[in-house]
Amino acid sequence: MTRHIGALLPATNTTIETEYSRLPQDILQFHYARCDKGGGSPFHPSKDEDVAYQSKMLSKAKVEVIGLIQTSASLFEDGYDARVKKLITDNSGIPALTSAEAMGAAAKALGVKRVAIVTPYSTEVIQRAADYYKTGFGLEAAALEAFQATDAYAIFSLSADNATAAFERLDSPDVEAFIVPGGNFQTMPHIDGWEKQFGKPVIATNPALVWASMNLLGITDKLPGLGRLLAEMPKG
């Protein structure tokens, strides 16, 4: 039986649909809604009124969970995850997730504590990510590298080679896993290869949200070829 999941995206995201087209449609089907960003920063959270309205619209598709796939949004406001999940559920009647929390939960489920964070974001945003994952999930950032993308379109234009080169620079015995925040950065076709090359998990925004959604819904199907997280489906 196909299960239905709602995805709230920044309006500028042009990657998610391609990423999720790799998922088996007889198991999962994603339904998408876009939200405008508030403020001047490209990494600023989506407008609350958009999140509320689009959550209500996704509920009309009878999705079973709604995930906000905008990892950077969770880094700019203390308590944002709890607040935005309540906003989503209050307007849709459906359980909610954020991709930022999903990545932290995935790292814990895989049993890793020391990570290298590699991201298209700016230096400021990656430091916020390091603080967020240390405070909320007890993860120690052994190394950081930011690609300094200035907006979502710049993130989309980055190739997997950027991440591969960063992994090569940052890899060490202290690094138990790589974390790659950024929903507009394509990772799913490459995670399996990265993990084989470096011998450690790669936890990225888009597959982490898939994993968290499946866990919440009690879906135990394993999804091989998309990295260890989805191939093993550890309990979160």
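A few comments on the model shown:
- Which listed residue, of Glu124, Glu140, Glu168, is modelled with pLDDT under 95 and of a type in the set (D, E, K, R): Glu124
Every residue, every condition in (1) hydroxyl-bearing (Ser, Thr, Tyr); (2) buried (at least 19 other Cβ atoms within 10 Å of the Cβ); (3) at negative phi; (4) not in a strand (DSSP E or B), yes or no:
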residue	(1), (2), (3), (4)
Leu9	no, yes, yes, no
Gln25	no, no, yes, yes
Phe30	no, yes, yes, no
Glu49	no, no, yes, yes
Ser55	yes, yes, yes, yes
Ala61	no, no, yes, yes
Ser74	yes, yes, yes, yes
Arg83	no, no, yes, yes
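- Flag if Ala105 is touching a residue at least 24 places away in the same chain (Cβ under 8 Å) and farther than 30 Å from Ala142 by Cβ: no
- Filtered residue count, segment 91-115, keeping only those that are open to solvent by less than 30 Å² (accessible area, probe 1.4 Å) and assigned to a loop (DSSP other than H, G, I, E, B): 3
- The requirement of being out of contact with any Leu (no Cβ under 9 Å at 6 or more places or on another chain), among the hydroxyl-bearing types (Ser, Thr, Tyr) and at pLDDT below 95 is not satisfied by Ser59.
- Looking at Phe185, Phe178, Phe198, just one residue is farther than 17 Å from Ser72 by Cβ and touching a residue at least 60 places away in the same chain (Cβ under 8 Å), and that residue is Phe178.
- Residue within segment 55-67 that is among the basic types (Lys, Arg) and in contact with a Gly (Cβ under 8 Å, 6 or more places away or on another chain) present: no
- Segment 124-236 holds helices (runs of 4 or more DSSP H) entirely within its bounds, and those carrying 3 or more residues that are touching a strand residue (DSSP E or B) at 6+ places or on another chain (Cβ under 8 Å) and crowded, with 16+ Cβ neighbours inside 10 Å map to 160-170, 191-198, 205-217.
- Candidates Asp36, Asp26, filtered to the one that is at pLDDT below 95, of a type in the set (D, E, K, R) and under 23 Å from Ile126 (Cα atoms): Asp36
- Given (1) at pLDDT 95 or above; (2) closer than 27 Å to Ser46 by Cβ, index of the condition Gly182 fails: (1)
The values are calculated or read from the model by the stated rules, or taken from the named source; none is laboratory data. It should be emphasised that the depicted structure is a prediction, and the values quoted were computed from it without experimental measurement. Here Cβ is always computed from backbone atoms with ideal geometry, including for glycine, and neighbour counts include all displayed protein chains. Heavy atoms of the whole protein, side chains included, go into the accessibility calculation; ligands, DNA and RNA do not. Shrake-Rupley method; radii C 1.70, N 1.55, O 1.52, S 1.80 Å.
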